[in-house]
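Right, one structure below, let's go through it.
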Amino acid sequence: MSAPTPFVKMNGAGNDFVVVNALDRIFTPEAAQVRAMADRQTGEGFDQLIAIEPSATADAFMRVWNADGGAVETCGNALRCVGWMLLQAGGADSVVIDTLGGPATARQAGSDRITVDMGSPRLDWQDIPLAEEMDTRGIELQVGPIDAPVIHTPGAVSMGNPHVVFFTDRLDDAFVTGSGSLIEHHPLFPEGVNVGFAHVLAPDRIRLRVWERGAGLTKACGTGACAALVAASRRGLTGRRAVMVVDGGELEIDWDEASGHVFMTGPVEVERTGTLRL
């Protein structure tokens, strides 16, 4: 058995992580080990496992595993948590964090709040990616009877990872879980997809729940909040800025017109520390 690996348990608006400092150690868990650690009854319990690794082009590289053991491109709430850790450690005004989904820049936004520049949303069908060409403002996908679908024509957005966003007032657990699990592995999405359910409350306020690919229903999804704002704005349902009300709190999303980048601001919280044994 390897030596114990220290970790910090954190959450961003309720979306929770075990974060490992792998800047000076090799950390390569197998999928089964990640699943065991993620188990909330017998393991540490988390939505995602995060490793902070060295980077030749940024302040650090963030590697992400979902609770099902699969490695994924990025995680918006985790970027805030890792950004906070790096800012605390280094004392800089901003840090650049690279991911498999591309780089992001984190800055302090008040006490225990971080703003992350998530970059530009990717809106071409091949960038999501989709299995066939479609207008990503509203793709051909529905749940329910053909002549009377319950939800349909979601927007599709990549924030470094794939998202679809349905606009609906049906946000109960059973509906989100049933529909999300059905769509997550739909053949239209060769890499799977995160599934958002957004209820527009006002031009600057959206209630959002997200079924995350490989993690299920979480209390918050940072990239999902960004994707929902972009999808809503593209449909004329909101402006380019909105507060996203998620199960674990609120996230402020701003799709900046000048740069085309999406900025996400929200809370970070340290829950506890501990050690892992692989």
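Here are the numbers for this structure:
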read-out: Spacing of the two label points (7 Å from each Cα toward its C-beta) at R235 and E140, in nm; value: 1.9
read-out: Within the stretch 155-278, percent of DSSP bridges classed antiparallel, to nearest 5; value: 75
read-out: R113-A71 pseudo-label distance in nm [points 7 Å out on the Cα-to-Cβ vector]; value: 3.6
read-out: For the stretch 28-71, projected area of the alpha-carbon convex hull averaged over all directions, nm²; value: 3.1
read-out: Sulfur and carbon atoms: percent of accessible area, the stretch 140-278 [1.4 Å]; value: 51
read-out: For the chain, share of DSSP beta bridges that run antiparallel, in % to the nearest 5; value: 80
read-out: Per residue convex hull volume, Cα atoms of the stretch 144-278, in Å³; value: 145
read-out: The stretch 217-273: translational diffusion in µm²/s, Stokes-Einstein, Kirkwood Rh over Cα pairs, 25 °C, 0.890 mPa s; value: 204
read-out: Mean accessible surface per residue for the chain, computed with a 1.4 Å probe while every protein chain stays in place, in Å²; value: 42
read-out: Per-selection Rg to Rh, the stretch 88-181 - Cα, Kirkwood hydrodynamic radius; value: 1.11
read-out: Zero-based 10 Å bins, Cα pair distances in the stretch 11-115, whole percents; value: 16, 49, 30, 6
read-out: Solvent-accessible ranking of T265, T57, largest area first, probe 1.4 Å; value: T57, T265
read-out: Neighbour net charge for F263 - beta-carbon separation under 14 angstrom, K R +1, D E -1; value: 0
read-out: Difference of contour (0.36 nm per residue) and Cα-Cα distance, T153 to I26; value: 41.4 nm
read-out: Over the chain: helical MRE at 222 nm, DSSP H runs n ≥ 4 each giving -39500 (n - 2.57), nearest 500; value: -5500 deg cm²/dmol
read-out: Largest-first ordering by accessible area, 1.4 Å probe, given options H261, H152, H163; value: H152, H261, H163
read-out: Virtual paramagnetic centre 7 Å along Cα→Cβ of D172, amide N under 19 Å, in the stretch 185-201; value: 197-200
read-out: Cα→Cβ-extended label distance, 7 Å offset, between S259 and Q88, nm; value: 2.5
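The values are calculated or read from the model by the stated rules, or taken from the named source; none is laboratory data. Note that the coordinates shown come from a computational prediction; the quantities given were computed from them, not determined experimentally. Glycine also receives a Cβ, built like all others from the backbone with ideal geometry; neighbour counts cover every protein chain displayed. For accessibility, only protein heavy atoms count, side chains too; no ligands or nucleic acids. Shrake-Rupley method; radii C 1.70, N 1.55, O 1.52, S 1.80 Å.
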